[in-house]
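Structure first, then comments.
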Amino acid sequence: MIAAPAPRWHREVDAEPTVVAELRHGVADFALAHGADQDAVNNMMLAVSEAVTNAIIHAFVGRERGRVGITAEAGEGCVLVRVLDDGRGMTPHPESPGLGLGLTMMASMATRCDIREGPSGVGTEVRLAFDAPGVAGPAFGIGEGDDRFELLVEVERIADQAGWPGEGPDELVALIVPRIADACTLDIVDAAGEPQRLAAHYEGPGGPELAEYLAARRPTREQIELTVASLRSGRPRVLTVDDEMVDAISHDPDEASWLRTMDLAHWVNLPLQVSDQLLGSLGLGLSPARAAPEEQLPFLQAVADRAARGFANTQLISELQRTRQRFERILGALAEAVTVHDERGKVVYANEAAARLLGAASVDEVLAAEPGELAGRFIITREDGSPVVEADLPGRRLLAGEEHPTLLTRSVERSSGRVYWLLTKATQLDDGGRLAVNIIEDVTEEKNAERRQRFLAEAGELLVSSRDYEQTLQHVAALFVPSLADWCALDLVDDAGDLQRVALVHGDPEKKRRADELHERYPPRLGTDQGLAAVLLDGRSLLVPEITDEMLAATARDAEHERLLAELGMRSAMLVALTAHGDRIGVLSLVNSDSQRAFDDSDLAFAEEVARRAALAVDNARRLG
Amino acid sequence: VTEDVFEFATHEQGDSAVVRLVGELDLAEVAPLKAELDRLCANGLDRLTVDLRELDFLDSTGLHLLMQLRSHCESQELPLTLVPGPPSVQRLFQITGTDDHFTFEPAP
């Protein structure tokens, strides 16, 4: 058995002169396969050659070459051809005296020739219908005075446009009534396999009221079963509308008499299917005045086949939307921050975790931000303190075609001083465009724990290694800077009961000099309730996450003191008492300035642990000394 | 197969030339033929023949070229003769009413 040739042939190609022959022969082969004779094929070849030539020469004047699409379709005794370009339309052009000849040729070769603006006003669409005895297919009605061909073209246009499931279904039923039916219903098959009404139209006895009723009508169980059964067969089905049938599909006698006022003779159920997948059904109600439906079934099914394409688009789109929503829900629920950005660094997707990490109030704020705007809210460095600029981030390196290893960064939020340790991995999203997906893992806790552990191990060794505790304390202070604080001071109470500075370590030598000067000129006054004295007095630690100008002014003893304090640029501070066996023997001071880091409770707990160990070591050394 | 769908061959003898067109002439093939016809017209011939017998396909692009050639030959008083092609090609001249503009003479 020889497989039947496909009822439709479609090609879309670049609008180059060489495609004229390719498309001409494509249509010829299609028509020959469907049994067209050589005369008809010669007509088609000539007309298609003209239409494609026109598309190439005239449609792309003064602009880049576009695309040309062609569709051939077999009908009963005919072949339909559509040539579509995305150019500027078939404007007559001074350099093209051949155009007149070409149009003459098309009109002479085709039984129907129609040239109009392409869908959505783009380009030109040439429709050609050829008589082709011997070709089998639906009756398209291409003869003079037969408007069925026009109707098919209109249905196709509605189905192909983007109005699904928006206005498309309503436009479709309004087109069908009253041209080929008195009532029309459009149902979509839902997930449970049952038809759901999408649109309906009716013109006849009972008027608009009945039309509205039809659009909102919920079919009875029996009717659903009847419809589903007929749709399952995959073939159109004609029902005679009589009392028995109306009673069978009505919810109650009132509805039955209501439906009877429509005075329909036949109801045709047409399956809407694409590639054997049942998408829905098109129902047509015909009054007794219309021709018997059996005669027009091939044509009616041709209408339904075109409408099905609109459905296919809708279902495809909604499927894509569902997938996307599902995907976004999964990403949204991830603890890791995920962002997707383009080559400019513009963020096109971010989940909740990413918004939190980027210090944004919402995902929308992240999406609205300009490239670099969010990164600018942070001071980003590597572990060794060297600065990281945006071009160093893995996602940007990836899209620049560079190596993009996972990057560990310390990000300090400028506004809050919060410190994040972030591990950023980037992968490319192959989505047509150039997009990078970043998975940003917040490793702050792990990183802090690791660093503190290392610190305690190193400090512990120092504290037991020497009896020169003043030198030891200087080493311990040095351990804090710069990884845990920008500067660290240790003051001990001497035998006379005065505070002596044992260590001051600062990452910036110039600022160390100023801090020394400050200490010399304004030594801490014991017996007050401020700063070091207060901590020494009651032993309670002092945590100042953010030092304000007002605080400095309140602390300063005079204008010069305030100036010196301001010059140090202190951002955050912790003061912790060194206590051994109930005696407060000194104070550990930790300050952040340039890094903009703010100390938090976990930093304070850690500082207290270090202070406890240091105090014991000092106490032991003193006793033994 | 759309490769080599069209070829032409020129046979020059004294002051006359015969250009034989073979295959399918359309937009993609018309430029080299036009260049050849321009060259021949500039050669001071006293007779030019275009042989369409082996031409399988002709559309308005090729017809337009022949019309241009005819005007050019007329202005140069150069006699132009076409050797008729197969019915599908000849039909084109009839549909467009251009058959009266050309002198068709079967091959000798």
Show me, for the range A:9-22, the HN-Hα J-couplings you get by feeding each phi into the Karplus relation (A = 6.51, B = -1.76, C = 1.60, θ = phi - 60°), rounded to Hz, glycine and proline as x. 9, 9, 9, 9, 9, 5, 7, 10, x, 5, 7, 4, 5, 4
Rounded to two decimals, what is the ratio between the C-alpha radius of gyration of the range A:461-512 and 2.2 N^0.38 Å? 1.21
Can you check what the net charge comes to around A:Pro288, using other residues whose Cβ is under 14 Å from the Cβ of A:Pro288 (Lys, Arg +1; Asp, Glu -1)? -1
Distance-filtered residues of the range A:337-379 - backbone nitrogen under 16 Å, label point 7 angstrom along A:Ala391 Cα→Cβ: A:343-345, A:372
Applying a 10 Å radius around every beta-carbon, put A:71-83, A:412-424, A:241-253, A:36-48 in order of their mean neighbour count, most first. A:71-83, A:36-48, A:412-424, A:241-253
Kindly provide the pair-distance distribution of the range A:491-625 built from C-alpha pairs, with 10 Å bins from 0 and whole-percent values in order of increasing distance. 11, 42, 37, 9, 1
5 Å is the cut-off here: which amide hydrogens, built 1.01 Å from N in the peptide plane, fall below it relative to A:Val502, excluding neighbours closer than 5 in sequence? A:Leu490, A:Asp491, A:Leu492
Mind listing the long-range amide H neighbours of A:Leu272? Cut-off is under 5 Å, sequence gap 5 or more, other chains count too, H placed in the peptide plane at 1.01 Å from N. A:Leu279, A:Gly280, A:Ser281, A:Leu282
Summing +1 per Lys or Arg and -1 per Asp or Glu among the other residues with Cβ less than 9 Å from A:Ala21's Cβ gives -3
Kirkwood hydrodynamic radius of the range A:346-485 from all distinct Cα pairs, in Å? 17.2 Å
Taking amide hydrogens as modeled 1.01 Å from N in the peptide plane, which residues meet the under 5 Å criterion relative to A:Leu198, leaving out close sequence neighbours? A:Leu186, A:Asp187, A:Ile188
If you find the alpha carbon centre of the range A:339-368 and of the range A:3-41, how far apart are they in angstrom? 50 Å
Can you list the HN-Hα couplings for the range A:501-508, worked out from phi with the Karplus curve (6.51, -1.76, 1.60; θ = phi - 60°), rounded to whole Hz and with x for Gly and Pro? 6, 9, 8, 9, 10, 9, x, 10
Roughly speaking, what % of Cα-Cα pairs in the range A:394-444 are separated by over 16 Å, rounded to a whole number? 47 percent
Report the semi-axes of the equivalent ellipsoid for the range A:238-296 in whole Å, largest first, where each axis is √(5λ) for an eigenvalue λ of the Cα gyration tensor. 24, 16, 8
Before rounding to the nearest 500, sum -39500 (n - 2.57) across all DSSP H runs of length at least 4 in the protein assembly as shown and divide by the residue total; then give [θ] at 222 nm in deg cm²/dmol. -13000 deg cm²/dmol
In whole Hz, the Karplus estimates of ³J(HN,Hα) for the range A:389-399 (6.51, -1.76, 1.60; θ = phi - 60°; x where Gly or Pro) are 9, 4, 5, 7, 5, x, x, 5, 5, 4, 6
Average partner chain C-beta neighbours within 10 Å, per residue of B:29-36? 1
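How big is the Cα convex hull of the protein assembly as shown in projection, averaged over all directions, in nm²?
Quarter of the Cα hull surface area: 55.9 nm².
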Mean-position separation - Cα centroids, the range A:548-589 and the range A:241-301, in angstrom: 90 Å
Calculated diffusion of chain B, Stokes-Einstein form, Kirkwood radius summed over Cα pairs, 10 °C and 1.306 mPa s, µm²/s: 114 µm²/s
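What's the average, rounded to a whole number, of partner chain beta-carbon atoms within 10 Å of each residue's beta-carbon in B:57-67?
Values: counts 7, 2, 14, 15, 9, 2, 4, 7, 1, 0, 3.
Mean partner-chain Cβ count within 10 Å for B:57-67: 6.
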With the calculation restricted to Cα positions, what are the radius of gyration and Dmax of the range A:413-558 in angstrom? 21.1, 77
Between A:Arg451 and A:Thr18, what length comes free when the chain is fully extended (0.36 nm per residue of separation minus the Cα-Cα distance, one decimal in nm)? 148.9 nm
Counted charge near A:Asp160, where neighbours are those whose Cβ lies closer than 9 Å (Asp, Glu -1; Lys, Arg +1): +2
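Each value in this text was obtained by applying a stated rule to the coordinates, not by laboratory testing. Predicted model only: the values in this text are computed from it and were never measured. Positions of Cβ are backbone-derived with ideal geometry, glycine not excepted, and every protein chain shown enters the neighbour counts.
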